[in-house]
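Asks: There's a structure below that I have some questions on.
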Amino acid sequence: MRILVTGGAGFIPSAIAIRLASLPGTEVLAVDNLSTGDLRKLELEKHPQVRFIKCDVNRFEDISSVFYSFRPEYVFHYAAVVGVKRTTDHPVQVLHDIDGIRNVLDLCKNCGVKRVFFSSSSEVYGEPVEFPQNEHTTPLNSKLPYAIVKNIGEAFLRSYHHEYGLDYTVFRFFNTYGPKQSKDFVVSKFIRAALKGEDITIYGDGSQTRTFCFIDDNIEASTNAFRRNEVVNDVANIGNDHETSILELAHMVIELTGSSSRTVHLPPLEVGDMTRRKPDIARMRALLGRDLLPLRKGLERVLADTTFILD
Ligand SMILES: NC(=O)c1ccc[n+]([C@@H]2O[C@H](COP(=O)([O-])OP(=O)(O)OC[C@H]3O[C@@H](n4cnc5c(N)ncnc54)[C@H](O)[C@@H]3O)[C@@H](O)[C@H]2O)c1
């Protein structure tokens, strides 16, 4: 089974590439333009079944030759410009990702790909209208370019399925964290500050809640959807449903690291900082078939390997 993973040098994509390569009879090709990715995350020396090509999925001439030479049977399209600050500072760059989605889907259609998996985001729900946020009943409320692009991606998948019969799976990822996450995301940022004894900065009063999903839970649930042929032409929220406020997270990090850091409050972000998020994870639980890892345990695992956070 030949599997292509786009964004393969990124946090979640490198983990899925390594996991898929561990399944019997798979060959995995990871592509990435290395904009925010880091090749070390793929640990290529430890995983000879994973290959890597530097490639920009938003440029058709670049990604098309990869498809025509590798002929993937399954595609995990996870490449994207990510991060609240990066995506709000560079909205035009974010909109270019629509080209990548179209390129990948055209090539999937033309190369007879059996199923394409797309990393959508909790951001498609926008500022919440109900809790918990359900894949089918909660209206989408995407306003910012990053969320709109994910929403467009989902519409592309439904349309290519409708017109061309291309099978798909949409994963709506909620905040995911783990040892290889880039240092500009909240968990890594807080841990980095705590380990260095620096102030932990919080936008607003810190009462905004998030749910935090440990990377292994994300990877196990999505790999099971692939292996067991589930969530076909459908959507699954992939996340944890235990809400934690940003202030609680900061205090937990300070306690676990034994840090002398203080929390410092900045004015709330003007855009992009939702008050609350909480997914309905009935499907995720069924995919996972075990309990999700509690935040405290996940943070301990992150603290056991801080190579990327302290980089
Ligand atoms: N981490 C989360 O909590 C979270 C939440 C919701 C959705 N997601 C989605 O999951 C996916 C992976 O995110 P991540 O957190 O691992 O971020 P990441 O930045 O670590 O991974 C994204 C990767 O895509 C690569 N990339 C970006 N544009 C590219 C292009 N045009 N061509 C080739 N490669 C390109 C980057 O270099 C990077 O390696 C993204 O699609 C993101 O939108 C993540």
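The values are calculated or read from the model by the stated rules, or taken from the named source; none is laboratory data. Worth saying up front: this structure is predicted, and the values here are computed from it rather than measured. All Cβ positions, even for glycine, are placed from backbone atoms using ideal geometry, and neighbour counts span all protein chains on display. SASA here: full protein model, heavy atoms, side chains in, ligands and nucleic acids out. Shrake-Rupley method; radii C 1.70, N 1.55, O 1.52, S 1.80 Å.
Asks: Applying the selection to region 79-97, what residues are within 11 Å of the ligand (Cβ to nearest atom), surrounded by fewer than 21 Cβ atoms within 10 Å (Cβ to Cβ) and in a helix (DSSP H, G or I)?
Replies: The answer is 84, 86, 93.
Asks: Consider residue 189 against the criteria (1) within 15 Å of the chain's Cα centre (by Cα); (2) open to solvent by 30 Å² or more (accessible area, probe 1.4 Å): it satisfies all of them except one. Which criterion is unmet?
Replies: Every condition holds for residue 189 apart from (1).
Asks: With the condition kept exactly as written, say whether any residue in region 171-185 is over 20 Å from the mean Cα position of the chain (by Cα) and open to solvent by 60 Å² or more (accessible area, probe 1.4 Å).
Replies: no
Asks: Would you say residue 157 is of a type outside the set (Phe, Trp, Tyr), outside any loop (DSSP other than H, G, I, E, B) and either buried (at least 22 other Cβ atoms within 10 Å of the Cβ) or within 20 Å of the chain's Cα centre (by Cα) (or both)?
Replies: Answer is yes for this residue.
Asks: Still on this model: Looking for whichever is near the ligand (Cβ under 8 Å from one of its atoms) and not hydroxyl-bearing (Ser, Thr, Tyr) here; the options are 52, 76, 67, 11. Which one fits?
Replies: Answer to the check: 11.
Asks: Exactly one of these conditions fails for residue 270: (1) loosely packed, with under 13 Cβ neighbours inside 10 Å; (2) at pLDDT 95 or above. Give me its number.
Replies: The single condition residue 270 does not satisfy is (2).
Asks: Let me ask you something else. Of the residues that make up region 164-182, is at least one without any contact (Cβ under 8 Å) to a residue 60 or more places away in the chain, more than 13 Å from the ligand (Cβ to nearest atom) and not β-branched (Val, Ile, Thr)?
Replies: Yes, region 164-182 contains a residue that is without any contact (Cβ under 8 Å) to a residue 60 or more places away in the chain, more than 13 Å from the ligand (Cβ to nearest atom) and not β-branched (Val, Ile, Thr).
Asks: Which residues, counting only those in region 107-137, are within 16 Å of the ligand (Cβ to nearest atom) and among the β-branched types (Val, Ile, Thr)?
Replies: 116, 124, listed by residue number.
Asks: Same structure, new question: Would you call residue 165 more than 30 Å from residue 304 (Cα to Cα), surrounded by 22 or more Cβ atoms within 10 Å (Cβ to Cβ) and modelled with pLDDT of 95 or more?
Replies: When the stated conditions are applied, residue 165 does not pass them.
Asks: What number of residues within region 242-267 satisfy the criterion of being assigned to a helix (DSSP H, G or I) and open to solvent by 20 Å² or more (accessible area, probe 1.4 Å)?
Replies: Of the residues in region 242-267, 8 are assigned to a helix (DSSP H, G or I) and open to solvent by 20 Å² or more (accessible area, probe 1.4 Å).
Asks: Scan 63, 53, 18 and give me the residue that is surrounded by 23 or more Cβ atoms within 10 Å (Cβ to Cβ), assigned by TED's automatic domain parsing to the domain that holds residue 111, touching a residue at least 12 places away in the same chain (Cβ under 8 Å) and outside any loop (DSSP other than H, G, I, E, B).
Replies: 63
Asks: Going by the structure shown, is residue 126 open to solvent by less than 10 Å² (accessible area, probe 1.4 Å) and more than 22 Å from residue 222 (Cα to Cα)?
Replies: So residue 126 fits the description; yes.
Asks: Before we move on, is residue 224 more than 21 Å from residue 82 (Cβ to Cβ), part of a helix (DSSP H, G or I) and touching a residue at least 12 places away in the same chain (Cβ under 8 Å)?
Replies: So residue 224 passes the test.
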